[in-house]
Amino acid sequence: MSILVVLPMIAPLLAAGVILVLRRHPRAQRLLALAVIGAMAADSAALVVLTDTGGPIAANLGGWPAPIGVTLVADRLSALLLLVSDVVTFAVFCYAVGQGATRDTSRGDNTIFTAVYLCLVAGVALAYLTADLFNLFVAFELMLVSSYVLITLGTTASRIRAGMTYVIVSLTSSLLFLTMIALVYAATGTVNLADLAREVGGLPDGLRAALGLLVLVVFGIKAAAVPLHFWLPDSYPTAPAPITAVLAALLTKVGVYALIRTHTLVFSHDGTWLLLLGVAVLTLLVGALGAIAQEDLNRMLSFLLVSHIGYMLFGLSLFTAIGLSGVILYMVHHILTQATLFLVGGLVAGYAGTSVPRRAGGLAAAAPVVAVLFAVPALSLAGVPPLSGFVAKLALLQAGSRAGGVAAYLAIAAMLAASLLTLYAMVRVWVFAFWRRPRPASPDPEPPGAAPANPATVRRPMIAATAGLVAAGVALTVFAGPLAGLTGRAAEDVLRPTVYQDVVLPAAGAGGGR
């Protein structure tokens, strides 16, 4: 079964190489990319079933056992997040095909987009599956290079400026990441996560706390936690809708995943971590308040993305099974919902010629399907019952109430406030862009994601891809019970480091995988 763990990383990279050879055949490129991402989704679905019924699966690349060699591991947490990520990347690529992002053959942009997109998919898979810090760094760098190319593809002044901000901040965090790896290796002699779980416990308390704090800073930048979030609202909104959607949905969640993995497996905590709880509260409120101050839909969604990272940080800060279960459930919900809303933003720009809701109007009558596609994920993001956002937030609220204490109750109040502010932001978009009467055309000078004020640019694959993600979000509500059971079992595994260690380390019988 170990081959199933390797394929999500290897297949997209091989396909990217083949696509470079097929640069004169864009149709073949698109079909190959769709086939590979679809096969990855099937592979990750199989991993979810296998890990849930039989435990984690490890694969030692080159036959070298851990901690010496490179080991990939799929458990309930990584397999579930990989499955949701593959569903999103498949839908976003379908949207991009419909929009025409893969059709421009004048400068070879179609080949570049498709190949780099697959490299990004491979980087996300490697981040979820790797069992050591150095290859986690490699995964982040692969995602960084790919996302920088995607953000700046099409080369306009605003995209170049946003791309520079993004890459400078990312390179700074990468330098911190390398420094952290060097310090961890100097202190323990290993970078394998399962091995670190044994070695870090023997370090002096001060050194262990300092390394844990450095890990929080490094992955806090990746996750866009306040006050390390400033790069995100300036970077994502300028890119075309499909690129913004996939980056917003996945990259910050990979940062949260890295925090979960390192701070439960390596730097474990007994009880609530007040520092992380404070960061979560700041992230919730700063992001939500920033969102309601924005006029541009994409910038508003970017600030809401920051705010809702706070929900995940709150659940992690409790370090309880119910809290981590809520985090995982919220990550699944948010990956789907955030991607959907950014895709809808592209549809709005196509119909109205602007991404500023105040300049639009009458879309509920002109494009009723788009109105529905916006309303469902918008209400879910705000936590309106019975949608998946409500289910995930309820799980986090229950975790906070069980944890008790003044700090937890203040965080609960911050979560409720952030939900109300999110609902206000979504209602405002609905009133201005969809419900209000049409206004005279006032297109953006450089509208992201679609041609200005031309409904013909909104093609059926774009609608179908967005509708597919909306349906997937609704399915989370329908199957909330089984999904909550799976996330609960995943959380229990995460809080028991021996489950991960036993499958990775030869001394624990991991060997070369099953």
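The values are calculated or read from the model by the stated rules, or taken from the named source; none is laboratory data. Since this is a predicted model, take the numbers as computed values, not measurements. Methodologically, a virtual Cβ is constructed for each residue, glycine included, from the backbone with ideal geometry; neighbour enumeration extends over all protein chains shown.
Is it the case, given these coordinates, that Thr53 is more than 17 Å from Val88 (Cα to Cα), touching a strand residue (DSSP E or B) at 6+ places or on another chain (Cβ under 7 Å) and modelled with pLDDT of 90 or more? No.
Taking Tyr330, is it at negative phi, assigned to a helix (DSSP H, G or I) and modelled with pLDDT of 90 or more? Even if it seems obvious, please write down each step before you answer.
Values: at negative phi: yes; assigned to a helix (DSSP H, G or I): yes; modelled with pLDDT of 90 or more: yes.
When the stated conditions are applied, Tyr330 passes them.
Answer yes if at least one residue in the stretch 433-447 is surrounded by 15 or more Cβ atoms within 10 Å (Cβ to Cβ), closer than 16 Å to Ala367 by Cα, aromatic (Phe, Trp, Tyr) and modelled with pLDDT of 90 or more, and no otherwise.
Looking only at the stretch 433-447, we keep the residues that are surrounded by 15 or more Cβ atoms within 10 Å (Cβ to Cβ), and these are 433-436, 443-444, 447.
Next cut, closer than 16 Å to Ala367 by Cα only: 433-436.
If we keep only those that are aromatic (Phe, Trp, Tyr) as well, we get 434-435.
Next, only the ones that are modelled with pLDDT of 90 or more stay: 434.
Yes, there is a match, as at least one residue in the stretch 433-447 is surrounded by 15 or more Cβ atoms within 10 Å (Cβ to Cβ), closer than 16 Å to Ala367 by Cα, aromatic (Phe, Trp, Tyr) and modelled with pLDDT of 90 or more.
Among the listed residues Leu178, Leu183, which satisfies the condition of being modelled with pLDDT of 90 or more and either β-branched (Val, Ile, Thr) or within 24 Å of Asn60 (Cα to Cα) (or both)? Exactly one of Leu178, Leu183 is modelled with pLDDT of 90 or more and either β-branched (Val, Ile, Thr) or within 24 Å of Asn60 (Cα to Cα) (or both), namely Leu178. Does Met40 qualify as being in a loop (DSSP other than H, G, I, E, B) and in contact (Cβ under 8 Å) with a residue 60 or more places away in the chain? Answer is no for this residue.
Residue by residue, here is whether (1) closer than 17 Å to Phe230 by Cβ; (2) modelled with pLDDT of 95 or more holds:
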{"position": "Ile309", "(1), (2)": "yes, yes"}
{"position": "Ile335", "(1), (2)": "no, yes"}
{"position": "Leu347", "(1), (2)": "no, no"}
{"position": "Arg358", "(1), (2)": "no, no"}
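Criterion applied to Gly383, Gly389, Gly404 was being under 29 Å from Thr272 (Cβ atoms), in contact with a Phe, Trp or Tyr (Cβ under 7 Å, 6 or more places away or on another chain) and either crowded, with 22+ Cβ neighbours inside 10 Å or without any contact (Cβ under 8 Å) to a residue 24 or more places away in the chain (or both), and the one residue passing it is Gly383.
Just to be sure before I move on: is Gly62 in a loop (DSSP other than H, G, I, E, B), free of Cβ contacts under 8 Å to residues at least 12 places away in the same chain, farther than 29 Å from His25 by Cβ and of a type outside the set (Ser, Thr, Tyr) in the structure I sent? Even if it seems obvious, please write down each step before you answer.
Values: in a loop (DSSP other than H, G, I, E, B): no; free of Cβ contacts under 8 Å to residues at least 12 places away in the same chain: yes; farther than 29 Å from His25 by Cβ: yes; of a type outside the set (Ser, Thr, Tyr): yes.
No, not satisfied.
Looking only at the stretch 312-332, residues that are of a type in the set (Phe, Trp, Tyr) and surrounded by fewer than 24 Cβ atoms within 10 Å (Cβ to Cβ) come to 1 in all. If you check Gly255, Gly290 for being under 19 Å from Ala382 (Cβ atoms) and either outside any loop (DSSP other than H, G, I, E, B) or of a type in the set (Lys, Arg) (or both), only one passes: Gly290.
Of everything listed in (1) part of a helix (DSSP H, G or I); (2) surrounded by fewer than 21 Cβ atoms within 10 Å (Cβ to Cβ), the single unmet condition for Met1 is (1). One residue stands out among those in the stretch 18-31 that are in contact (Cβ under 8 Å) with a residue 24 or more places away in the chain and part of a helix (DSSP H, G or I): the one that is surrounded by the most Cβ atoms within 10 Å (Cβ to Cβ), which is Ile19. Scanning the stretch 333-370 for residues that are outside any helix (DSSP H, G or I), of a type outside the set (A, V, I, L, M) and in contact with a Phe, Trp or Tyr (Cβ under 9 Å, 6 or more places away or on another chain), we see that the one that is surrounded by the most Cβ atoms within 10 Å (Cβ to Cβ) is Gly361. Quick one: which residue in Ala186, Ala245, Ala223 is farther than 27 Å from Gly405 by Cβ and touching a residue at least 60 places away in the same chain (Cβ under 8 Å)? Selected residue: Ala245, the only one of Ala186, Ala245, Ala223 that is farther than 27 Å from Gly405 by Cβ and touching a residue at least 60 places away in the same chain (Cβ under 8 Å).
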